[in-house]
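Trainee: Quick one: this structure, given as structure tokens, is what I'll be asking you about.
Every read-out reported here was derived from the displayed coordinates using simple, explicitly stated rules and does not represent laboratory data. Here the structure is a predicted model, which means the values were calculated and not measured. Cβ placement follows ideal geometry from the backbone for every residue including glycine, while neighbour counts extend to all protein chains displayed.
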Ligand SMILES: NC(=O)c1ccc[n+]([C@@H]2O[C@H](COP(=O)([O-])OP(=O)(O)OC[C@H]3O[C@@H](n4cnc5c(N)ncnc54)[C@H](OP(=O)(O)O)[C@@H]3O)[C@@H](O)[C@H]2O)c1
């Protein structure tokens with residue numbers, strides 16, 4: 001597959017790029033600088049692009065089989081940039097006539113019980129509330145784009161660099177927890193789940209949670 005990856009310079013994006021390349025896909029990796037020195041592979045091309053600009057997205061997406069996103073607002077940016085990037089991405093995909101989108105979302109919007117989302121729980125860290133809300137807004141925008149074959153892949157509550165085991169579990173819209181009640185995934189195994197979905201398309205129009 002020939003994949004356009006937005007957020008390829010980010011922590012999760014680099015791991016998704018590596019997983020895609022190890023499976024023989026071709027990857028065009030977008031960042032604002034166009035420099036992604038961490039990835040050296042003849043099937044990887046680093047390009048410059050601004051994910052808030054639908055024209056940039058349309059130009060870049062054109063000719064690709066699918067668009068993958070590991071976009072997140074940069075440290076100094078307003079978290080609401082995420083909604084802007086989501087809208088620009090959808091508009092750009094439509095203009096480019098590419099209809100497959102696999103998106104890295106947030107855990108805050110996942111259900112943890114009847115009528116309760118993770119973000120609504122007492123222990124949810126206050127500092128993450130704005131970003132978690134921005135991810136929920138982005139999901140609402142994506143949900144309205146049913147002309148696209150979108151999949152929204154939500155990480156576990158805790159995701160960090162670690163080992164690639166190839167193991168993970170998924171759930172439709174519900175936080176995945178282990179037998180101790182912990183919700184965790186390494187970025188490497190999140191990338192495995194992400195690329196599995198990109199290849200298989202089993203979770204079209206689904207908020208798919210990933211964890212151990
Ligand atoms: N448990 C959770 O819910 C959870 C935990 C961790 C992460 N996440 C989410 O997963 C996503 C990825 O996380 P991460 O830690 O990998 O993020 P990150 O390292 O901060 O990477 C963000 C990526 O977005 C790109 N980007 C930002 N603004 C852009 C723009 N205007 N145009 C083009 N590219 C732009 C950055 O590229 P540049 O090189 O151009 O800056 C970078 O590649 C985020 O949305 C994050 O919120 C969720």
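Trainee: Among the residues of the range 90-145, what is the count of those that are in a loop (DSSP other than H, G, I, E, B) and buried (at least 19 other Cβ atoms within 10 Å of the Cβ)?
Mentor: The qualifying residues number 8.
Trainee: Can you pull out the residues in the range 146-163 that are in contact (Cβ under 8 Å) with a residue 40 or more places away in the chain, outside any strand (DSSP E or B) and touching a strand residue (DSSP E or B) at 6+ places or on another chain (Cβ under 8 Å)?
Mentor: Correct list: 148, 155, 156, 157, 161.
Trainee: Could you list, in sequence order, the residues of the range 90-107 that are farther than 14 Å from residue 3 by Cβ and near the ligand (Cβ under 8 Å from one of its atoms)?
Mentor: Result: 105, 106, 107.
Trainee: Same structure again: So residue 177 fits all but one of (1) under 18 Å from the mean Cα position of the chain (by Cα); (2) part of a loop (DSSP other than H, G, I, E, B); (3) surrounded by 14 or more Cβ atoms within 10 Å (Cβ to Cβ); what number is the exception?
Mentor: Status for residue 177: all satisfied but (1).
Trainee: Output the number of residues of the range 24-33 satisfying the condition of being over 19 Å from the mean Cα position of the chain (by Cα) and under 28 Å from residue 77 (Cα atoms).
Mentor: Number of matching residues: 1.
Trainee: Can you pull out every residue in the range 180-212 that is part of a strand (DSSP E or B), within 16 Å of residue 102 (Cα to Cα) and within 15 Å of the ligand (Cβ to nearest atom)?
Mentor: Result: 207, 208, 209, 210.
Trainee: Return yes when residue 119 is more than 23 Å from residue 6 (Cα to Cα), within 11 Å of the ligand (Cβ to nearest atom) and either in contact (Cβ under 8 Å) with a residue 12 or more places away in the chain or touching a helix residue (DSSP H, G or I) at 6+ places or on another chain (Cβ under 9 Å) (or both) and no when it is not.
Mentor: For residue 119, the condition - more than 23 Å from residue 6 (Cα to Cα), within 11 Å of the ligand (Cβ to nearest atom) and either in contact (Cβ under 8 Å) with a residue 12 or more places away in the chain or touching a helix residue (DSSP H, G or I) at 6+ places or on another chain (Cβ under 9 Å) (or both) - is met.
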